[in-house]
Every structure is written in C-alpha cells, then in structure tokens.
1. Is the C-alpha gyration tensor of the stretch 153-232 telling us rounded, prolate or oblate? Criteria: a/c under 1.5 is rounded; beyond that, a/b larger than b/c is prolate, otherwise oblate.
2. What's the angle, to the nearest 10 degrees (0 to 90), between helix 58-72's Cα axis and the longest principal axis of the chain?
3. What's the magnitude of the charge dipole for the chain around its Cα centre, counting Lys and Arg as +1 and Asp and Glu as -1 at the beta-carbon? Answer in Debye, nearest 20.
4. Which residue fluctuates most in the GNM of the chain (Cα springs below 10 Å): GLY311, GLY337, GLY38?
5. If you line up the long axis of helix 283-296 against the longest principal axis of the chain, both from Cα atoms, how many degrees apart are they, to the nearest 10?
6. Over the chain, what is the relative contact order in percent, taking alpha-carbon pairs closer than 8 angstrom and at least six residues apart?
7. Given +1 on the Cβ of Lys and Arg, -1 on the Cβ of Asp and Glu, and no further charges, what dipole in debye does the stretch 55-169 carry about its Cα centre, rounded to the nearest 20?
8. May I ask for the net charge around PHE140, where only other residues with Cβ less than 14 Å from the Cβ of PHE140 are counted and Lys, Arg are +1 while Asp, Glu are -1?
Amino acid sequence: MRRTTQAVVIGGGAIGASVCYFLTKLGMKNVVLLNKGGLASGSTGDSAAIVRQHYSNEVSIRLVKKSLEIFQGFPDEFDGAEVFTPAGWLFLVPPEAADALDDNMARLQAEGVNTWELSVEAAAEDLPGLNTDGIGRVAFEPDSGYADPRAAVSALVGRAEANGAEIHVDTPATGIESTGATGSKVRTPNGDIETEVVVNAAGPWAGEVGRWMGLDLPLEISREQDIIVRPPADAPPLRRAISNMVDRTYIRPEATGDILVGTGHPKENEPADPDSYRRDASPEFVRETGRLLVHRFPAMANAEVIHGWAGLYTITPDWNMIVDRSPVHEGHYLAVGGSGHSFKLAPAIGLCLAEMIVAGQSSTVDISPLRADRFDRADVLRSTYGGNRA
Ligand SMILES: Cc1cc2nc3c(=O)[nH]c(=O)nc-3n(C[C@H](O)[C@H](O)[C@H](O)COP(=O)(O)OP(=O)(O)OC[C@H]3O[C@@H](n4cnc5c(N)ncnc54)[C@H](O)[C@@H]3O)c2cc1C
C-alpha cells in the first residue's frame with residue numbers, strides 16, 4: 001500500500017468510485033481508494049438504480065442531465081461496459097399534484113430535459129395492463145431508465161486503477177489525523193497513509209468518518225426495502241421504469257423479465273444502525289408492496305416474490321447531498337448524504353467534486369447549492385414532492 005498519496009477516497013460505492021475515477025481523469029493519478037467491504041457493498045449494491053431526470057431544483061436537474069450523458073457514454077469510455085438501460089421512465093401523478101407537476105415540467109424543459117406529458121390513455125397503451133384508477137397526469141422521459149449499480153462501480157474503479165489509482169477492498173479507514181492546514185494521515189489496519197486530500201464518501205458511515213474530520217454532519221440513516229417478483233407467464237411484459245406517486249411505489253424491469261418494486265414517500269423513516277440492521281424484507285413489506293403492485297397491474301395477481309432485501313438511505317435535512325470542502329480543514333472534502341436518490345447523480349457528483357479538488361471549483365455544474373453550511377444558514381434546497389423524490 002502507498003504510504004504517501006495526493007488523495008485518499010474513503011468509500012467504494014457509486015460516489016467514491018466516481019470521485020476516484022474523475023480525479024485520475026483530471027490528472028491526479030496518485031489516489032488511494034479504501035473500502036471496508038467489497039466494492040458497492042453499501043447502499044449502492046442495494047439500489048434500485050432508477051435513473052430519472054424529474055427533479056425539482058436546478059442543481060439536481062443539471063447534475064442528473066450530466067450523469068445521464070456519462071451513463072450513455074459508458075460503453076465508449078469504459079471498454080464496452082453497458083451499465084445503463086434506456087428503458088424510458090413514466091411518472092404517474094395523482095390529480096392533486098397537478099400544479100406541482102406543471103411547475104416542474106416547465107423547469108425541466110427550461111433546463112433542456114427531454115420530457116413531455118402523455119395522456120392517461122397513451123400511458124395505458126404504453127404500459128399494457130395498467131389500471132388507470134387515480135392517475136391524473138403522466139410525465140414521460142424517453143431517455144431515462146435504470147442501471148446496474150455494481151457494474152457501474154466496477155467500470156469506474158477499474159479505469160481509475162488503470163489510470164494509476166490504488167484500490168483497496170476489505171480495508172477500512174480507522175481514523176484521520178490532521179498534520180497541518182492541509183495535510184492528513186489516514187489510519188488503516190495496514191498502516192498510515194500521508195495525504196494532501198481526504199474525501200469522505202462513506203455512505204451510511206459518513207457520520208463516523210465526519211467525526212474523524214472534526215465535523216458533526218446532519219445525517220440520518222433509514223432502512224429501505226425492495227422486492228423482486230416474477231410475473232406470471234401470461235402477464236404483459238413491463239418494459240419501462242415507473243415512479244408511481246399515486247400508490248407510492250417505484251417499479252422497474254430486471255434484465256431477466258422479473259420486476260423490482262419498492263415503496264416511495266411520503267413515509268416514516270426507519271432509523272437503523274449501519275453495522276447491524278435487518279437485511280431481509282419484512283413479511284409486512286412484502287405483502288403490502290405486492291398488494292400495491294397488483295392494484296396497479298392486476299395481471300401480476302399470481303406473481304411470485306423471489307427475493308427481498310433492505311438497504312440504507314443516508315438522509316440530509318433537505319434530502320439533497322452535501323458536496324463541498326470541509327468548513328474546518330482545507331484538505332478534507334465531503335460527498336455524503338445520498339438521501340435515497342443519488343446513485344443516478346454519482347457520475348456528475350464525482351466529476352464536480354474532482355474539479356473542486358483539482359481546480360479549486362467545479363466548472364461542469366455549479367454545486368454551491370450543495371454546500372455544507374446551508375443548514376446553519378437555513379438556505380436549504382426546495383423539493384416539490386418531498387422525501388427522496390427531491
Ligand atoms: C433500497 C434502495 C433503493 C434505492 N434506489 C435508488 C434509485 O432508484 N435511484 C437512485 O438514484 N438512488 C437510489 N438509492 C440511493 C442510492 O443507492 C445511494 O444514494 C447511493 O448508492 C449512495 O452511494 P454512496 O457511494 O454514497 O454510498 P455507499 O454505496 O453506501 O458507499 C459507501 C461505501 O463506503 C464504505 N465505507 C464506509 N466506511 C468506511 C471506512 N471507514 N473505510 C473504508 N470504507 C468505508 C462502505 O463499505 C461503502 O461501500 C437507493 C438506495 C436504497 C438503499
């Protein structure tokens with residue numbers, strides 16, 4: 001293991017992998033990434049990885065647009081790695097959210113997002129077997145879809161390594177010692193690493209890493225569940241990714257033809273300890289999520305639940321990430337608080353934070369709205385729909 005580096009990235013999920021890759025791409029080759037388990041073994045590996053652009057604040061819209069461009073370019077950039085499926089995305093909206101939808105669609109179109117409204121009848125044609133009860137409006141994004149989160153991390157980290165980074169799995173950082181205004185020592189079980197830059201991309205453990213940085217980060221951890229169901233042979237195939245605000249579900253196909261289903265907001269957080277929480281989906285969740293799926297797609301009545309799991313959201317007070325230099329140490333950086341929707345933002349977050357580290361500020365997207373001190377100044381980001389539907 002290198003003893004002296006320019007940067008240590010703590011965390012090998014989507015965010016850390018992306019920061020590490022873009023640092024090396026921008027010319028900072030002497031980078032070490034530490035991950036305490038296997039790559040993508042945190043929230044990223046548990047993610048539904050739906051990539052939609054329907055956000056309600058400008059910074060997120062710009063970040064997701066850039067991320068989508070990067071996902072689309074993966075095969076060229078990463079030797080044919082096909083990590084993204086442009087299945088198209090539909091947003092099913094109840095009549096009472098019509099004003100919020102109008103507001104957002106105008107903002108999205110002004111930012112150049114390729115999105116338009118479908119009539120409920122057109123949506124029913126596009127989604128065979130859809131029960132249209134309660135659906136007031138439908139937004140459509142033909143270019144959105146979903147990704148394979150583990151394959152994305154693997155491609156990013158593989159190329160970072162080829163560019164000169166050192167990647168260490170099963171190697172936790174165990175502490176950070178400041179060695180001056182900018183320098184630090186990162187402790188590991190295999191010895192200390194002297195570094196100019198430390199990036200906290202530790203997902204649900206970012207609070208602990210933050211404390212080593214002298215910060216009390218405003219992060220809450222919540223347990224979140226998904227299931228995979230196998231549709232009956234005679235059910236019409238589902239081809240799109242769907243966010244269903246009417247029943248609070250999200251649904252997307254798997255490459256196998258199975259279907260991933262989770263439940264969205266509004267709902268209560270379920271506080272969890274990242275080192276010990278229930279990893280399987282509870283029988284109540286499986287039952288209720290199955291019921292909601294069958295209500296919306298009655299042909300799924302005899303679908304078989306083949307798998308369920310729980311992962312973790314790391315939530316900030318305004319449900320948007322903190323991406324910034326530390327307010328107390330020049331060489332420490334934060335990319336924390338994915339808040340249940342930041343897999344899709346990871347490519348652009350990694351690029352923008354790498355720009356900030358290498359050049360002093362991000363140039364691709366102005367990420368100052370994600371600054372760390374916004375909660376002290378009550379200058380938080382707004383969200384039209386609440387929760388992780390930021
Ligand atoms: C069930 C579920 C569904 C989701 N669905 C979506 C979705 O559809 N679309 C979307 O965009 N987002 C979704 N998300 C959110 C998304 O997955 C996360 O925002 C994103 O993956 C966070 O990535 P991360 O790299 O910050 O965290 P993580 O993936 O958790 O990575 C952090 C890494 O840091 C490592 N680490 C921690 N402490 C240390 C240490 N001391 N030393 C070394 N390594 C350490 C961990 O091992 C871990 O691998 C979902 C999340 C869940 C749980």
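1. Details: a/c = 2.79, a/b = 1.47, b/c = 1.90.
Oblate.
2. Between helix and principal axis, roughly 90 degrees.
3. With Lys and Arg at +1 and Asp and Glu at -1, about 520 debye.
4. Most flexible of the set in this elastic network: GLY38.
5. It works out to around 50 degrees.
6. This gives 24 percent for the chain.
7. Details: 7 positive and 21 negative charges, 61 e Å.
The dipole magnitude comes to about 300 debye.
8. Working: positive: ARG52, ARG137, ARG239, ARG240; negative: GLU117, GLU121, GLU125, ASP126, GLU141, ASP143.
Taking every Cβ under 14 Å from that of PHE140, the sum is -2.
Each reported figure results from applying straightforward, stated rules to the coordinates on display, with no laboratory input. What you see is a predicted model; the values in this text were computed from it and never measured. Positions of Cβ are backbone-derived with ideal geometry, glycine not excepted, and every protein chain shown enters the neighbour counts.
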